[in-house]
1. Pull up all non-local amide H partners of A:Ala189: gap of 5 or more, or a different chain, and H-to-H distance under 5 Å with H placed in the peptide plane.
2. Using helices alone, I'd like the mean residue ellipticity at 222 nm for chain A: each DSSP H run of four-plus residues gives -39500 (n - 2.57), total over residue count, nearest 500.
3. Which whole number in µm²/s is D for region C:46-124 by Stokes-Einstein, with the Kirkwood Rh taken over Cα pairs at 10 °C and 1.306 mPa s?
4. Return the single residue from A:Ile188, A:Ile80, A:Ile24 with maximal mean-square fluctuation; model: Gaussian network over chain A, springs between Cα atoms under 10 Å.
5. Looking at chain A as a GNM with Cα springs under 10 Å, which of A:Thr140, A:Thr164, A:Thr186 has the largest mean-square fluctuation?
6. For chain C, find the longest principal axis of its Cα atoms and tell me its angle to the long axis of helix C:181-208, 0 to 90°, nearest 10.
7. Say R0 is 41 Å: what FRET efficiency, to the nearest 0.05, do B:Ala312 and A:Arg175 get from their beta-carbon distance?
8. What whole-number distance in Å separates the alpha-carbon centres of region C:176-238 and region C:138-155?
Amino acid sequence: MTSIRLELQDVAAGYGARVVFYGITLSLRQGETLVVAGANGSGKSTFLRLLCGLQAPTRGNVFYDWNDARYDPRDAGSLIGWVAPDLALYRELTGSENLRFFAAVRGLALHNEQIDELLAYVGLGGRGDDWVASYSSGMTHRMRYAYALMHKPPVLLLDEPTVTFDERGVELVERVVQTQRQRGITVIATNDARELRFADYVLTLGGV
Amino acid sequence: MALRISQIAKLIIGVWIASVIVSMFLVLPQYEGLGNAGRIMIMHVPTAWVSVLAFAVSALYSGLYLRRGRSSDDDKALAAAESGFLFTLLATITGMIFSQVVWGVYWNWDPRQTSIFVLLLIYAALFALRAAIDDPDRRRQLSAVYSLFAFVTVPFLFFIAPRITDSTLHPNCVFIQGSTCEGIVLQEGNIGLLGDRKVQLLAIDRQGDTITAEVNVSEPGLRDEALLQPTFNLAAGERDIAPEFPGLRFRLVLEEVDLDAGRVRLNIEAPGTGLLDNQRTLITFIASNIGFTALFIWMFQIRATLLGAQWALERREGALP
Amino acid sequence: MDHEISTAKFAGIRTPFRQIMTAMQAVLIKDVRSELRTRYAINALILFAAGAVVAVSLGIGFFGLRRDADSLRIQAVLLWIALLFAALNGLSRSFVHEEETRTLASLRLAAPPLAVYLGKFWFNLALLLVLDTVTTLLFVMFVRVQVANIPLFVSLLAAGSLCLATATTILAAVIAKASFKNTLFAVLAFPLLAPTLIVAIEGTATALGGGSWSEGFSALRTLLAYAVATFVASLFLFRFVWEA
């Protein structure tokens with residue numbers, strides 16, 4: 001049984017000399033969901049960027065324990081699925097070309113059927129041969145889920161999971177989060193009170 | 001305590017460099033053929049040496065920053081680059097003054113001028129890069145990478161630069177394209193090439209301790225010929241009269257003589273070569289090198305400390321407890 | 001930023017060599033496909049080179065017909081100026097495009113850094129070879145440059161382009177994260193490329209005039225040494241650029 005653990009020790013983050021948050025210590029285990037709440041600008045997205053290694057903490061440590069080894073978030077790309085409004089895919093490629101490309105760089109050999117399956121799962125069945133540039137904002141957001149889930153990551157980081165989503169999209173998020181409970185850790189950054197129901201723990205940012 | 005040491009260091013360096021400057025003008029003998037222009041070498045060579053040293057120090061701390069991620073290492077890399085830039089400018093300017101006085105032009109694209117010009121461009125690029133990145137961590141990391149990457153390419157510059165011009169006039173190793181610093185060895189009657197000049201050793205004459213070589217020098221394409229008579233003093237074991245090549249500022253030197261075999265070594269020399277043969281000049285020169293190196297280390301330390309304090313202040317304003 | 005020294009031992013995820021090669025291939029194919037659809041870089045490169053050649057031709061006519069040593073050298077200089085500035089105008093595009101369309105983050109999470117570097121490097125090299133071909137043909141047609149030693153000329157052009165690609169690919173990744181990207185790219189690249197430019201021009205002049213292989217060999221060797229040194233340095237340093 002593989003197991004994943006996320007550990008933060010006295011973590012601070014900021015831009016240049018400006019501090020966004022500090023002193024965060026927490027630990028998440030297999031099957032747990034953390035919801036990060038807080039006003040605009042309180043650092044929710046920054047928190048998720050720390051967890052996926054796109055940004056380094058200005059103080060403290062962030063690491064993952066997986067299969068008895070310890071990983072820096074910067075080296076843990078293959079453990080992490082990240083969905084965020086500022087995550088972009090290649091607009092001049094089609095949906096399935098995008099997925100095939102990301103699968104290839106991740107070292108996954110996905111068949112065409114698996115790509116189609118993934119597209120159908122996120123509700124883009126039949127639209128895989130259109131350029132991403134032609135997608136609506138909701139469809140683009142669905143593509144982000146396909147991008148984040150293709151390698152079945154033990155850590156799923158969702159920034160504004162339902163933004164631009166319709167009813168069916170909200171159901172997709174529900175399904176994704178429930179599945180992730182079995183697979184590993186989920187961290188959700190949101191302002192939407194309805195998404196608090198996923199939480200085992202809530203971290204409220206703001207008030208530096 | 002640290003402040004005390006810094007004060008004392010400042011005093012010592014100040015006095016040291018002041019005495020170097022005084023002896024540069026008062027103690028140094030005039031160098032034959034250069035007049036007072038030769039004195040500038042006391043400033044020029046140490047600043048040039050410090051420019052290269054600073055570049056290496058900057059690259060070293062850039063590497064350490066990438067390895068350890070400490071902002072103090074980046075402060076040091078930047079401090080070295082900034083003081084290095086200053087010294088590079090000084091070396092360039094003193095070199096240009098020397099060039100104007102001795103060669104008659106401020107700029108000649110001499111190999112060393114080319115190298116130092118590119119070094120200036122690299123420093124400028126480094127500062128431009130730093131100015132173009134807002135996020136401090138990103139700025140540090142990317143400028144460290146550029147500094148190291150540039151450091152890899154600079155040796156090629158020093159290797160390649162001598163190929164650019166047809167000749168160099170820089171003292172110590174002078175050459176016309178195709179020749180080497182070693183000169184050539186000729187036997188009586190032989191013809192050889194010193195770069196693109198054809199030289200023929202017509203005869204070796206001896207008068208007492210003075211050996212005179214009769215050398216016929218012809219320009220490329222045999223446009224012009226001249227008979228030069230460089231001499232060598234056997235008693236002193238050194239060259240004596242070194243006539244100038246026709247129309248040029250460099251001289252033909254008789255470097256070695258082997259009378260038994262009838263062989264001599266001929267070489268080219270620019271004005272300024274052999275400046276350090278004088279004891280007083282040599283001591284002042286070494287003192288100047290030490291002084292400027294110390295000055296660099298002092299400036300580098302002060303600037304690095306200042307950058308560190310500035311960053312600490314910014315962080316305090318950013319309210320990190 | 002002072003990281004406190006962590007006592008934790010981190011296990012880097014080691015990507016097997018074959019996987020890096022597959023990923024590199026994927027990056028290259030993706031870039032070529034994007035390029036064919038958007039013509040983002042190739043237009044900039046080719047139009048710049050064509051503009052330069054036409055300007056030269058209009059200004060000094062069929063300069064290639066002059067075969068004395070000075071003219072040959074000037075022809076080599078003109079050719080390399082056109083190539084250099086076209087390259088400085090276009091080679092940063094692949095990274096800048098990723099930054100502008102904000103795909104750098106998604107690529108960074110998914111791809112091993114080495115694979116990204118190598119993919120972009122091959123893409124830039126391919127762009128340069130297209131640029132070389134077009135520019136040379138234009139010079140031959142419009143300026144009537146005659147190449148006396150064609151194999152030597154082609155090898156020098158290839159070696160010079162290799163240097164351009166090894167020196168500029170990592171710089172493109174650097175400037176993608178800065179402001180004033182395109183100006184900065186030229187500012188950063190020029191001093192580092194100066195030595196190769198000197199050698200390439202000298203060698204090309206020799207090749208145009210029909211110099212033998214032995215005359216061009218030292219230039220070729222220097223260019224290759226430079227390419228190897230900058231390539232190896234890039235392999236070590238790219239990771240830091242990628243994570244900045």
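1. For A:Ala189, the qualifying residues are A:Val36, A:Leu158, A:Asp159, A:Glu160.
2. Working: 5 runs with 59 residues, N = 208.
One gets -9000 deg cm²/dmol as the mean residue ellipticity at 222 nm.
3. Working: Rh = 15.3 Å.
The Stokes-Einstein estimate is 104 µm²/s.
4. Highest fluctuation of the listed residues: A:Ile24.
5. With Cα springs under 10 Å in chain A, the top fluctuation among A:Thr140, A:Thr164, A:Thr186 is at A:Thr164.
6. Roughly 40 degrees, rounded to the nearest 10.
7. Details: r = 50 Å, r/R0 = 1.21.
E between B:Ala312 and A:Arg175, to the nearest 0.05, is 0.25.
8. With region C:176-238 and region C:138-155 each reduced to a Cα centre, they are spaced 20 Å.
The numbers here are math on the coordinates, done by the rules we state, and not lab data. Not measured: the values here are computed from a predicted model. Cβ sites come from the backbone with ideal geometry, for glycine too, and all protein chains shown count toward neighbours.
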